[in-house]
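Written out below as structure tokens is the structure these notes cover.
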Amino acid sequence: MRLGDGRFELELDELSALDVLSATARGVDLAPGGAVPDDGDPRIFRAVHGFLFTCGPDHIRHPEPVENADGLFFPLHGSMSGNSAVITSKSANETGLSVEARIKVALADGGIAEILRLWHFDAATGAFTLEDTVQNVGSSPFAPMMMYHMNVGARHFDDDTGFSGASFPEGRIGWRFGDGEGAVICSPAMLDDAGKAHVSLGPIPGAEGGALDVWFDADAMPHLQMWRNEAGHCNVIGIEPASHPLKKRTELAQSGLMPALHPGDARHFRLGFRFV
């Protein structure tokens with residue numbers, strides 16, 4: 001399924017949570033394609049080739065043991081990838097395009113979540129908005145975690161490409177942050193008066209010098225994680241709004257950062273982006 005227009009168009013993956021396969025800006029696909037690592041999870045290996053996949057709703061980073069369970073692990077980046085989306089509505093008019101879907105997810109600890117997902121394309125601005133409602137539809141509580149993993153192929157960059165935003169020291173960092181062939185950093189997201197955090201990636205010479213502008217709800221996702229991988233065949237960066245800081249689940253729990261979502265309750269997450 002495609003959403004957008006000639007300025008910026010997304011290919012949505014109905015086989016995997018209605019995440020984004022390709023993101024075509026000015027005729028160029030920003031997704032990394034094959035320039036990504038294989039961490040051994042076939043669901044993630046499919047998803048990580050694309051422009052955006054959703055980590056969660058029960059786990060957002062590398063595998064960790066399930067609490068009070070023998071031999072069970074939360075999978076790489078959670079349980080959501082690989083679950084089909086059931087489209088519930090589509091609409092199109094002069095103001096834009098929208099699609100809604102439901103994704104039911106069996107969680108690693110035996111719980112069940114349902115994600116109500118809404119994509120909207122604004123015809124006036126060329127911007128996309130993604131809104132998720134994560135609801136506990138099972139019989140036991142779980143601690144919700146969400147991270148939106150936006151991957152961009154670094155083949156499109158040059159030495160002038162970088163990230164701008166209030167979350168970075170002095171407002172900007174180069175795209176080759178950290179040391180060596182790869183790095184992961186995670187910092188508090190600085191929000192504006194409307195409660196949004198912003199980050200811009202550009203200029204991107206491989207896409208006519210444009211920039212990818214991203215915003216996200218910093219109340220629900222108060223952390224900005226960044227990922228870079230240039231090892232071997234890899235050539236990719238990630239912009240990753242996250243609900244939790246870069247710590248082990250046990251540390252997060254001890255700090256009171258893993259509150260339970262009880263049966264019937266829901267949490268809301270929202271982000272958006274455009275190419276300018």
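The values are calculated or read from the model by the stated rules, or taken from the named source; none is laboratory data. The structure presented is a predicted model; accordingly, all values stated were derived computationally and were not measured. Methodologically, a virtual Cβ is constructed for each residue, glycine included, from the backbone with ideal geometry; neighbour enumeration extends over all protein chains shown.
Values computed for the structure shown
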| quantity | calculated |
| --- | --- |
| Count of segment 215-248 residues which are farther than 16 Å from Phe157 by Cβ and part of a strand (DSSP E or B) | 9 |
| Residue within segment 96-107 that is touching a residue at least 40 places away in the same chain (Cβ under 8 Å) and not in a strand (DSSP E or B) present | yes |
| Failed condition for Leu12, given (1) crowded, with 16+ Cβ neighbours inside 10 Å; (2) outside any strand (DSSP E or B) | (2) |
| Test result for Leu130, aliphatic (A, V, I, L, M), closer than 27 Å to Lys247 by Cα, in contact (Cβ under 8 Å) with a residue 24 or more places away in the chain and assigned to a loop (DSSP other than H, G, I, E, B) | no |
| Number of positions in segment 64-88 that are free of Cβ contacts under 8 Å to residues at least 12 places away in the same chain and either surrounded by 15 or more Cβ atoms within 10 Å (Cβ to Cβ) or part of a loop (DSSP other than H, G, I, E, B) (or both) | 3 |
| Restricting segment 199-215 to residues that are over 28 Å from Asp38 (Cβ atoms) and either small (Gly, Ala, Ser) or in contact (Cβ under 8 Å) with a residue 60 or more places away in the chain (or both), the residue that is surrounded by the most Cβ atoms within 10 Å (Cβ to Cβ) | Gly210 |
| So Arg61, is it within 20 Å of the chain's Cα centre (by Cα), in a loop (DSSP other than H, G, I, E, B) and not small (Gly, Ala, Ser) | yes |
| Test result for Met145, of a type in the set (A, V, I, L, M, F, W, C), in a loop (DSSP other than H, G, I, E, B) and within 19 Å of the chain's Cα centre (by Cα) | yes |
| Pairs, first at negative phi in segment 245-264, second surrounded by 12 or more Cβ atoms within 10 Å (Cβ to Cβ) and modelled with pLDDT under 95, C-beta under 6 Å, six or more apart | none |
| Top-ranked residue in segment 216-239 [being of a type outside the set (A, V, I, L, M) and surrounded by 23 or more Cβ atoms within 10 Å (Cβ to Cβ); ranked as nearest to Thr125 (Cα to Cα)] | Phe216 |
